[in-house]
1. Between B and A, which B residue has the Cβ nearest their rotation axis, distance in Å?
2. What translational D, rounded to a whole number of µm²/s, comes out for the range A:1-59 from Stokes-Einstein when the hydrodynamic radius is the Kirkwood one over Cα pairs, at 4 °C and 1.567 mPa s?
3. Below 18 Å, Cα to Cα, which lysines can B:LYS124 reach? Residues fewer than 8 away in the same chain don't count.
4. Would you mind working out the magnitude of the charge dipole of chain A relative to its Cα centre, with +1 at each Lys and Arg C-beta and -1 at each Asp and Glu C-beta, to the nearest 20 Debye?
5. Which three numbers, in whole Å and largest first, are the semi-axes of the equivalent ellipsoid of the range B:46-158 derived from its Cα gyration tensor as √(5λ)?
6. What do you get for the angle between helix B:98-118 and the principal long axis of chain B? Use alpha-carbon atoms, 0 to 90 degrees, nearest ten.
7. Quantify how strongly other chains surround peptide B:119-130 by giving the mean number of their Cβ atoms within 10 Å of each of its Cβ atoms.
8. Measuring nothing but label to label, 7 Å from Cα along Cα→Cβ, what are B:ARG90's distances to the other copies in nm, shortest first?
There are 2 protein chains.
Amino acid sequence: MTEMRDMPGHLARRFQQIAVAVFLAEVEAAGFDLTPVQYAALAAIAANPALDQITLAGLIAYDRTTITGVIDRLAQKNLVIRRAGVRDRRSRELLITEEGRRTLDAITPAVEAAQRLMVRGLTKVEANELIRLMQKAIAAGNELSRAPLREDAGTQRQ
Amino acid sequence: MTEMRDMPGHLARRFQQIAVAVFLAEVEAAGFDLTPVQYAALAAIAANPALDQITLAGLIAYDRTTITGVIDRLAQKNLVIRRAGVRDRRSRELLITEEGRRTLDAITPAVEAAQRLMVRGLTKVEANELIRLMQKAIAAGNELSRAPLREDAGTQRQ
DNA sequence: TACTGATGATCAGCATACTGATCAATAAGG
DNA sequence: CCTTATTGATCAGTATGCTGATCATCAGTA
């Protein structure tokens, strides 16, 4: 493990670097301007109406302080609306707009193409194995980052 | 692939997120203050005296504009020296300091412990397979990011 | 040699990520 | 009901990473 090229940490950084580049290239080629992070947030908001930001952070494993800026940019693009919470006035409820939903639908093929491109050097069997192993390693390390994944916990926090 | 949890892009981001957190925790526990990126740069500079920044960027697959700031911080910590190039006055030659070398030697056990922690949910065989598959996917996608890996090309350019 | 193109480094600007702090609002306890 | 602890969101500050531009210098050629 003395060599950088055998270190999981280096490989993780490099694979993510390529994954982001591929994502942005595919999305731009499809005529859109959305980052991977913005896409994940938009998809989660679409699937969970009136989501608050902390729950969103848990669903997609973002740091809570990162969410603020991401939502700022999605709102500025008119893809989501952020409004004051009803039950809890500290919280913000997130809703996808019509334009947000149209964008999400239209962009999905590009996103899926990007996923395939990221592993284009692997056979289908190898790609599935890579996915399985990453999932397993991530599950074991979930609590080690400041932004762990939090499963849905019902439909929403009550 | 409709589900985020099966998307290589999401898994790449998540695995890298955990890898960085583990690295920082181990390094801090060992009494040091170095990021993964700074560590990789320091190790490359130690192994390649009088490296210029573009070659360094290729060796560790960083964007060239990122290198400037990373070297700024390493120099501020007195771990490396950046001096004007002799053959080419546009370039900067990078050299590790005595303190840099001591730090590198002292920090290596923590870095290696971090590499093992990142894959602690996997068997040894699985960890090796994950490394192999990431290497293969990365090799196929090397040219897709702005900062591809450039092999050593001899000891140094020209 | 003078011109043209390429190259090394840096910069401004933007978007993640994180640390730690603050502030308003809520929840829990006595 | 009132005090205390907790929680949702945001902010300031720092460090990657990238895009595209600029500037100085170098290399190749007419």
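1. Of all Cβ atoms in chain B, the one nearest the axis gives B:GLN16, 2.
2. Details: Rh = 13.7 Å.
Translational D for this selection: 94 µm²/s.
3. Answer for B:LYS124, where 18 Å is the Cα cut-off: A:LYS136, listed by chain and number.
4. Working: 22 positive and 19 negative charges, 78 e Å.
My answer is approximately 380 debye.
5. Numbers: eigenvalues 168, 82, 27 Å².
Equivalent-ellipsoid dimensions as semi-axes: 29, 20, 12 Å.
6. 10
7. Details: counts 8, 4, 9, 6, 1, 0, 0, 5, 3, 1, 5, 10.
The per-residue average across the peptide is 4.
8. Once sorted, the set of distances for B:ARG90 reads 5.5 nm.
The values are calculated or read from the model by the stated rules, or taken from the named source; none is laboratory data. The structure presented is a predicted model; accordingly, all values stated were derived computationally and were not measured. Glycine gets a Cβ as well: all are built from the backbone with ideal geometry, and neighbour counts include every protein chain shown. In case anyone asks, the SASA skips ligands and DNA or RNA and just uses the protein heavy atoms, side chains included. Shrake-Rupley method; radii C 1.70, N 1.55, O 1.52, S 1.80 Å.
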